[in-house]
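The values are calculated or read from the model by the stated rules, or taken from the named source; none is laboratory data. It should be emphasised that the depicted structure is a prediction, and the values quoted were computed from it without experimental measurement. For neighbour counting, all protein chains shown are included, and Cβ atoms are generated from backbone atoms with ideal geometry for every residue, glycine included.
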Amino acid sequence: MGTPALGEGISPLNGVAMEFFLTFFLVFVIFGSAIDTRAPRWVGLFIGLTVALDILAEGNVSGAAMNPARHLGPAPIDGVLGPDIWIYWVGPILGGAAAALVYHNLLKSRARRYAPRFS
């Protein structure tokens with residue numbers, strides 16, 4: 001069914017770290033392209049490429065779920081709701097929250113400061 005799983009010899013801590021970084025980059029690209037008004041309007045390409053690169057780069061490490069629902073959807077059908085389910089909740093939630101905080105505090109506030117003012 002395609003349930004994401006840890007690769008051979010990958011520890012749960014490495015899996016959480018990988019899910020954290022993959023989700024961080026994905027959410028950061030979503031904020032920078034789909035939400036930021038300064039971005040070009042063909043943002044689907046950037047988001048899709050980020051997902052593809054995440055899967056190609058580290059799919060064999062943690063399954064590259066990048067979303068708790070991506071693991072929780074097929075896992076009950078496959079019968080693999082095991083002790084590693086927390087990896088696919090903790091990593092993406094913390095990674096997404098970190099990306100939101102970094103984008104909001106570093107880039108969004110800087111963009112407001114330098115944005116042109118219209119009367």
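Here are some notes:
- Matching residues in the range 48-73 - criterion: being within 16 Å of Ala99 (Cα to Cα) and aliphatic (A, V, I, L, M): Val51, Met66
- Residues satisfying the stated conditions in the range 1-29, i.e. of a type outside the set (Phe, Trp, Tyr), touching a helix residue (DSSP H, G or I) at 6+ places or on another chain (Cβ under 6 Å) and over 17 Å from Tyr88 (Cα atoms): Val29
Residues checked against (1) more than 13 Å from the chain's Cα centre (by Cα); (2) of a type outside the set (Asp, Glu):
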position: Asn14; (1), (2): yes, yes
position: Leu22; (1), (2): no, yes
position: Phe25; (1), (2): no, yes
position: Ile35; (1), (2): yes, yes
position: Pro40; (1), (2): yes, yes
position: Val43; (1), (2): yes, yes
position: Phe46; (1), (2): yes, yes
position: Asp54; (1), (2): no, no
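- Residues located in the range 63-119, provided they are among the basic types (Lys, Arg) and either at pLDDT 85 or above or under 11 Å from the mean Cα position of the chain (by Cα) (or both): Arg70
- Inter-residue pairs, beta-carbon under 6 Å, first farther than 25 Å from Ala5 by Cα and in the range 16-37, second at pLDDT 95 or above and of a type outside the set (A, V, I, L, M), 6+ apart: none
- Tally, over the range 87-105, of residues that are hydrophobic (A, V, I, L, M, F, W, C), touching a His at 6+ places or on another chain (Cβ under 9 Å) and touching a residue at least 40 places away in the same chain (Cβ under 8 Å): 1
- Meets criteria (within 24 Å of Pro83 (Cβ to Cβ), surrounded by 14 or more Cβ atoms within 10 Å (Cβ to Cβ) and over 11 Å from the mean Cα position of the chain (by Cα)) for Gly7: yes
- Pairs are defined by a Cβ separation below 6 Å, a sequence spacing of at least 6 or placement on different chains, a first member in the range 44-70 that is part of a helix (DSSP H, G or I) and hydroxyl-bearing (Ser, Thr, Tyr), and a second member that is surrounded by 15 or more Cβ atoms within 10 Å (Cβ to Cβ) and modelled with pLDDT of 90 or more; the pairs so defined are Thr50/Leu26; Thr50/Val29; Ser62/Gly15; Ser62/Met18; Ser62/Glu19.
- Counted residues, the range 6-23 - those being in contact with a Pro (Cβ under 9 Å, 6 or more places away or on another chain) and modelled with pLDDT of 90 or more: 5
- Pick from the range 34-76, criterion charged (D, E, K, R) and closer than 17 Å to Ile10 by Cβ, ranking: surrounded by the most Cβ atoms within 10 Å (Cβ to Cβ): Asp54
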